[in-house]
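Since the structure comes first, as structure tokens, the remarks are kept for the end.
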Amino acid sequence: MTTSGATGAPVPMEVDCRTVKSRLDRQDDFLLLDCREADEHALVRIAGAELLQMSEIQSRIGELEPQRDRDIVVHCHHGGRSLRVAAWLRQQGFARAQSMAGGIDQWAAEIDPTLTRY
């Protein structure tokens with residue numbers, strides 16, 4: 001599933017963690033959103049990611065309003081929850097929402113092996 005974003009370019013529903021890492025390194029303008037639960041976030045996190053738990057996103061959607069036209073990359077543990085959150089965000093009009101495939105577990109395997117895996 002792809003959606004056209006603000007520039008008209010197709011935005012794939014998923015993005016791989018190496019691409020996200022490159023975007024972070026370049027300091028691209030995007031929001032990295034961690035949709036895991038607080039205990040998971042306390043255990044291990046990606047620097048620069050903002051926590052907005054999947055269980056709270058519907059009641060806290062207004063907090064994302066200023067991000068409506070930005071790229072949003074959502075991550076979770078393995079990629080299942082973030083895929084659902086990204087799809088839901090698109091339904092709410094956040095056309096540039098994406099899920100980071102493989103989640104923080106893939107990130108730990110490919111990008112930063114010092115991170116705790118669970």
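How much net charge surrounds PHE94 when only the other residues with a Cβ under 13 Å from the Cβ of PHE94 are counted, with Lys and Arg +1 and Asp and Glu -1?
Details: positive: ARG68, ARG70, ARG90, ARG96; negative: GLU63, GLU65, ASP69, ASP71.
The answer is 0.
For the chain, modelled as a GNM with alpha-carbon contacts under 10 angstrom, which of GLU63, GLU40, GLU14 fluctuates the most?
GLU63
What is the sum of charges around VAL44, taking Lys and Arg as +1, Asp and Glu as -1, for the other residues whose C-beta is under 14 Å from the C-beta of VAL44?
On the way: positive: ARG36, ARG45, ARG117; negative: ASP34, GLU37, ASP39, GLU40, ASP105, ASP112.
Around VAL44, the charge tally is -3.
Divide by every residue of the chain the summed helix terms, -39500 (n - 2.57) for each DSSP H run of at least 4, and state the resulting mean residue ellipticity at 222 nm, rounded to the nearest 500 deg cm²/dmol.
Details: 5 runs with 39 residues, N = 118.
That calculation yields -9000 deg cm²/dmol at 222 nm.
Extension gain GLU63-LYS21, at 0.36 nm per residue separation less the Cα-Cα distance, in nm? Please report the intermediate quantities before stating the final value.
On the way: separation 42, 0.36 × 42 = 15.12 nm, distance 2.45 nm.
Gain in length upon complete extension: 12.7 nm.
Over its Cα atoms, what ratio of radius of gyration to 2.2 N^0.38 Å does segment 2-110 give? Walk me through the numbers on the way to the answer.
On the way: Rg = 12.7 Å, N = 109, 2.2 N^0.38 = 13.1 Å.
Rg over 2.2 N^0.38 Å, computed on Cα atoms: 0.97.
Out of ARG23, ARG81, ARG36, any idea which swings most in a Gaussian network model of the chain, alpha carbons joined below 10 Å?
Among ARG23, ARG81, ARG36, the largest mean-square fluctuation in the Gaussian network model of the chain belongs to ARG23.
So what is the relative contact order for the chain, in percent, with contacts set as C-alpha pairs under 8 Å and at least six apart?
Details: 204 pairs, mean separation 38.4, N = 118.
Rounded, it is 33 percent for the chain.
Taken together, the values in this text are just the output of simple stated rules run on the coordinates, not laboratory data. Only a predicted model underlies this, so the values are computations on that prediction, with no experimental measurement involved. Reconstructed Cβ throughout: ideal geometry from the backbone, glycine too, with neighbour counts over all protein chains shown.
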